[in-house]
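Peer 1: Can you read through this structure? Questions will come right after.
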Amino acid sequence: MVKSSGFERWLDFNSQDNTLLAGRKFLWLNGTMEYLDKIRRGIVKQVVAWVLECAKSTSASYLGEAKQDEQRDSGRTEPHRPHRINITLPPPQRNAQMYGYHISQKWLDETAFFFLAKLHPDISETKARTNAQANPSYSFRKTFHIQSITTSYAILPPGQIVPAECIVNGAVLVLYIFNDQSESYRRRPTQKQVDELTRFMGREPQWWVDVLPARRNHGEAGLGVMLDVACII
């Protein structure tokens, strides 16, 4: 029997150790892959469950919104947005038709100045009066929060009695809330706002026919904004 040298015995031991280590690595890697595979399958199950839950929640949300819309349409719930004033427009005419109040120029100037002084107490009285006369509608818009309110001259209705101080060169000075033109009508206020303004005015608004053709009012909204800006400069 040939005796193995120490070096050969070391090689044989080391070889066995390496084989054992390799086997252990194989088992570890195999177990790790199985473990990772289990994790992957678990994650997939969680994702699927989450997607199904989201789908159920979304469906329930849509059904809830549809039910709310149905209730709103049937009148069982209050509308989210306030209703603008519900009013029947008069038959269309060549000239714009305005819904508002007859006023005098003196009343308009004094009232606009009073409102403007309260809105901007930092400006001088002289400037407040000048601005109020230049753009009286600004003060009314800001005070009553009615963006469509402005002034114009109307044809004096036949047979209607209007105070003499409200008539200028045969036309009636009118503070109107809105008119029958699309831009103004879309911005008409709520019934509550109209009621508040009516209580202040002390009389009900009525329909008036503008002395100028309807096309004059097409750029009215943009002009009103520019005048409002100029009023506080």
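Peer 1: So what is the accessible area of segment 104-144 per residue, in Å², with the probe set to 1.4 Å?
Peer 2: For segment 104-144, the solvent-accessible area averages 53 Å² per residue.
Peer 1: Tally Lys/Arg at +1 and Asp/Glu at -1 over every other residue whose Cβ is under 15 Å from the Cβ of residue 194; what's the total?
Peer 2: +4
Peer 1: Considering the dipole of segment 79-178 built from charges on the beta carbon (Lys and Arg +1, Asp and Glu -1) around the Cα centre, which of 139, 126, 178 is farthest to its positive end?
Peer 2: 178
Peer 1: Now, a different point. Considering amide H positions built from the backbone, and no H for Pro or chain starts, which residues 5 or more places from residue 208, or on another chain, come under 5 Å of its amide H?
Peer 2: Excluding prolines and chain starts, which carry no amide H, the hits are 98, 99, 100.
Peer 1: Turning to a different aspect of this structure: Using a 1.4 angstrom probe on heavy atoms only, work out the carbon and sulfur share of the accessible area of segment 122-220 in %.
Peer 2: Roughly 52 percent of what the probe reaches on segment 122-220 is carbon or sulfur.
Peer 1: State in Å² the accessible area per residue of segment 150-210; use a 1.4 Å probe, count heavy atoms of protein chains only, and round to the nearest integer.
Peer 2: Per-residue value: 52 Å².
Peer 1: Right, next: Output ³J(HN,Hα) for segment 116-127: one whole-Hz value per residue in order, computed from phi by the Karplus curve 6.51 cos²θ - 1.76 cosθ + 1.60 with θ = phi - 60°, and x for Gly and Pro.
Peer 2: Ordered by residue, 3J(HN,Hα) equals 5, 5, 6, 6, 10, x, 7, 8, 6, 4, 4, 5 Hz.
Peer 1: For segment 196-203, take each phi angle, set θ = phi - 60°, evaluate the Karplus expression 6.51 cos²θ - 1.76 cosθ + 1.60, and give the result in whole Hz per residue in order, putting x for glycine and proline.
Peer 2: Each residue's phi maps through the Karplus curve to give 5, 5, 5, 4, 5, 6, x, 7 Hz.
The values are calculated or read from the model by the stated rules, or taken from the named source; none is laboratory data. These numbers were taken from a predicted model, which means no experiment stands behind them. Backbone-built Cβ (ideal geometry, glycine too); neighbour counts: all protein chains shown. For accessibility, only protein heavy atoms count, side chains too; no ligands or nucleic acids. Shrake-Rupley method; radii C 1.70, N 1.55, O 1.52, S 1.80 Å.
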